[in-house]
1. Of everything in the range 59-106, what is of a type in the set (Asp, Glu) and touching a helix residue (DSSP H, G or I) at 6+ places or on another chain (Cβ under 8 Å)? Give them in sequence order.
2. Scan the range 241-260 and give yes if some residue there is without any contact (Cβ under 8 Å) to a residue 40 or more places away in the chain, over 28 Å from MET1 (Cβ atoms) and surrounded by fewer than 16 Cβ atoms within 10 Å (Cβ to Cβ), otherwise no.
3. Among the residues of the range 169-197, which ones are β-branched (Val, Ile, Thr) and either under 16 Å from ASN229 (Cβ atoms) or surrounded by 13 or more Cβ atoms within 10 Å (Cβ to Cβ) (or both)?
4. Could you check, for the range 45-66, whether at least one of its residues is of a type outside the set (Ser, Thr, Tyr), crowded, with 22+ Cβ neighbours inside 10 Å and within 15 Å of the ligand (Cβ to nearest atom)?
5. Exactly one condition in (1) within 16 Å of the ligand (Cβ to nearest atom); (2) part of a loop (DSSP other than H, G, I, E, B); (3) more than 30 Å from PRO156 (Cα to Cα); (4) of a type outside the set (S, T, N, Q) is false for ASP190; which is it?
6. Scan the range 17-63 for residues that are within 29 Å of ILE192 (Cβ to Cβ) and of a type outside the set (A, V, I, L, M) and report the count.
7. Among the residues of the range 107-126, write down those that are surrounded by 20 or more Cβ atoms within 10 Å (Cβ to Cβ) and in contact with a helix residue (DSSP H, G or I) (Cβ under 8 Å, 6 or more places away or on another chain).
Amino acid sequence: MLNLQVHIDQHSGFCFGVVYAIEMAEEILDEQGYLYCLGDIVHNDEEVNRLTQKGLRIIDHNQLNNLQDEKVLIRAHGEPPSTYQLAIKNNLTLIDASCPVVLKLQNRIKNSFDKDETIYIYGKHGHAEVVGLLGQTNNKAVVFQDISELDLGSLPKNLTLYSQTTKSTDKFYEINDILKENGITVNTNDTICRQVSNRDKELREFADKFDKIIFVSGTKSSNGKVLYNVCKDKNPNTYFVSNPEQVNLDWFSANESVGICGATSTPMWLMEQVKERIEKF
Ligand code: SF4
């Protein structure tokens with residue numbers, strides 16, 4: 001036995017947006033036995049499997065086109081206006097679990113668009129939240145996930161900058177500075193969710209306290225990637241796993257301290273399973 005001292009970060013686990021969506025889904029699953037959900041309810045395969053077994057039916061936008069007279073859950077990432085229009089056409093009842101933080105951002109972007117501002121969104125191409133944000137601008141806003149995608153010389157002299165809620169705050173302000181240094185007047189809107197940016201600070205402190213860090217997250221989670229890098233930056237002995245089986249005995253030496261943490265989409269029960277496995281080493 002390696003006698004490892006294992007602790008779970010009590011600030012890790014679902015953010016309130018994800019908790020809200022899952023509670024809504026489970027309530028209807030208990031009543032109705034099944035529920036359609038547009039896209040993965042959370043970017044975590046283990047949690048999706050748990051809910052699928054309870055009757056959650058994940059569908060994509062093509063399948064939504066062919067669905068009539070059913071209830072469909074909109075997950076925390078939100079949806080563009082076209083989804084709401086389709087729901088009316090197909091007589092679908094939307095159970096709208098869009099996160100209030102995302103809805104507020106959608107509104108802000110819509111207001112900017114209505115005022116004819118030139119909108120740039122720092123976000124991941126094709127990410128569901130970003131698709132919902134773009135929809136507020138009739139797909140006219142420019143999305144970029146790296147400053148290198150922009151030709152600084154030919155950018156407009158005035159632009160309005162927004163961010164997807166789960167991006168890194170440091171990177172966002174780096175981009176903001178580069179734009180300004182290049183003579184661009186930026187109307188800066190830091191719309192990064194505080195559930196993510198606060199966790200950034202807390203995780204830095206947490207990662208510093210242990211010999212080894214096990215970061216638990218689905219591979220599709222955007223904030224999972226950001227927060228994993230935060231831990232890795234503070235503690236190079238940080239390992240990324242998506243489930244307990246991926247934890248490798250070779251990573252540890254006798255009597256080490258191990259911290260377990262995760263993304264806003266990582267369920268606490270999964271981090272507990274990871275802890276149980278490590279404690280058996
Ligand atoms: S990370 Fe923030 S914006 Fe995204 S679902 Fe959670 S609470 Fe909402």
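1. Within the range 59-106, GLU79 is the sole residue that qualifies.
2. No.
3. Answer for the range 169-197, where residues must be β-branched (Val, Ile, Thr) and either under 16 Å from ASN229 (Cβ atoms) or surrounded by 13 or more Cβ atoms within 10 Å (Cβ to Cβ) (or both): THR169, ILE175, ILE178, ILE184, VAL186, THR188, THR191, ILE192, VAL196.
4. Taking every residue of the range 45-66 in turn, none turns out to be of a type outside the set (Ser, Thr, Tyr), crowded, with 22+ Cβ neighbours inside 10 Å and within 15 Å of the ligand (Cβ to nearest atom).
5. Only one criterion in (1) within 16 Å of the ligand (Cβ to nearest atom); (2) part of a loop (DSSP other than H, G, I, E, B); (3) more than 30 Å from PRO156 (Cα to Cα); (4) of a type outside the set (S, T, N, Q) is unmet by ASP190, namely (3).
6. Residues meeting the conditions: 15.
7. Scanning the range 107-126 gives ILE109, ILE119, ILE121, TYR122, GLY123.
Any read-out appearing in this document is the output of simple, stated calculations on the displayed coordinates, not a laboratory observation. All values derive from a computational prediction rather than experimental measurement. With ideal geometry, Cβ positions are generated from the backbone for all residues, glycine too; neighbour counts draw on all protein chains shown.
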